[in-house]
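Notes for the one structure printed next.
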Ligand code: HEM
């Protein structure tokens, strides 16, 4: 389980980079009037899927219950909200399927990123 926590800790950087990159790309593609293509955004949101899945495993099998309120409730709750925001953005963007979709996907990534940054235990690097 210690290894999984280390992986969870490292994957955080991947998630942050993917969401920041996705937000920037969404904005760029919107401004450049590029047609919607979900591919690279899907990869971005999948990093959040994977991180949340790892988190759930740790939460269930680790000694998480003896942890603080932050790790038992706040951290998982915020991260689930962050995943839902990014996933909803992808759904809306894909349904619209136009240039503005880039803005919706990128915007949802930015909001998701803000929620994640707020809920990361930054004292554990
Ligand atoms: C994007 C989503 C997430 C990010 C970026 C993230 C990030 C982190 C980081 C950086 C740590 C500290 C690791 C360390 O001690 O070195 C941590 C710990 C933890 N996370 Fe997450 N997490 C996410 C989602 C979740 C979810 C959804 C859950 C549970 C459902 C969860 C459960 C936990 C638990 C229980 C710990 C404490 C592990 C321990 O020290 O025993 N995480 N998380």
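Bear in mind that the values in this text are calculations on the coordinates, not laboratory data. If you're wondering where the values come from, they're calculated on a predicted model, not measured in any experiment. A quick note on method: Cβ atoms are made from the backbone with ideal geometry, for glycine too, and the neighbour counts reach across all protein chains shown.
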Quick check, is residue 82 within 9 Å of the ligand (Cβ to nearest atom), free of Cβ contacts under 8 Å to residues at least 12 places away in the same chain and part of a helix (DSSP H, G or I)? no
Kindly indicate the residue of region 34-51 that is part of a helix (DSSP H, G or I) and crowded, with 16+ Cβ neighbours inside 10 Å and also farthest from the ligand (Cβ to nearest atom) among those meeting that condition. 41
Can you name the condition, by its number, that residue 87 falls short on among (1) more than 14 Å from the ligand (Cβ to nearest atom); (2) free of Cβ contacts under 8 Å to residues at least 60 places away in the same chain? (1)
When you look at residue 82, is it under 16 Å from residue 12 (Cβ atoms), surrounded by 16 or more Cβ atoms within 10 Å (Cβ to Cβ) and touching a helix residue (DSSP H, G or I) at 6+ places or on another chain (Cβ under 8 Å), yes or no? yes
One residue is enough: does region 2-18 have a residue meeting the conditions away from the ligand (no atom under 16 Å from the Cβ) and either touching a strand residue (DSSP E or B) at 6+ places or on another chain (Cβ under 6 Å) or in contact (Cβ under 8 Å) with a residue 24 or more places away in the chain (or both)? no
Look at residue 108 and say whether it is over 10 Å from the mean Cα position of the chain (by Cα), surrounded by 13 or more Cβ atoms within 10 Å (Cβ to Cβ) and more than 10 Å from the ligand (Cβ to nearest atom). no
For region 52-69, give me the residue count where each residue is assigned to a loop (DSSP other than H, G, I, E, B) and near the ligand (Cβ under 8 Å from one of its atoms). 2
What number of residues in region 13-33 are surrounded by 14 or more Cβ atoms within 10 Å (Cβ to Cβ) and either assigned to a loop (DSSP other than H, G, I, E, B) or within 14 Å of the chain's Cα centre (by Cα) (or both)? 9
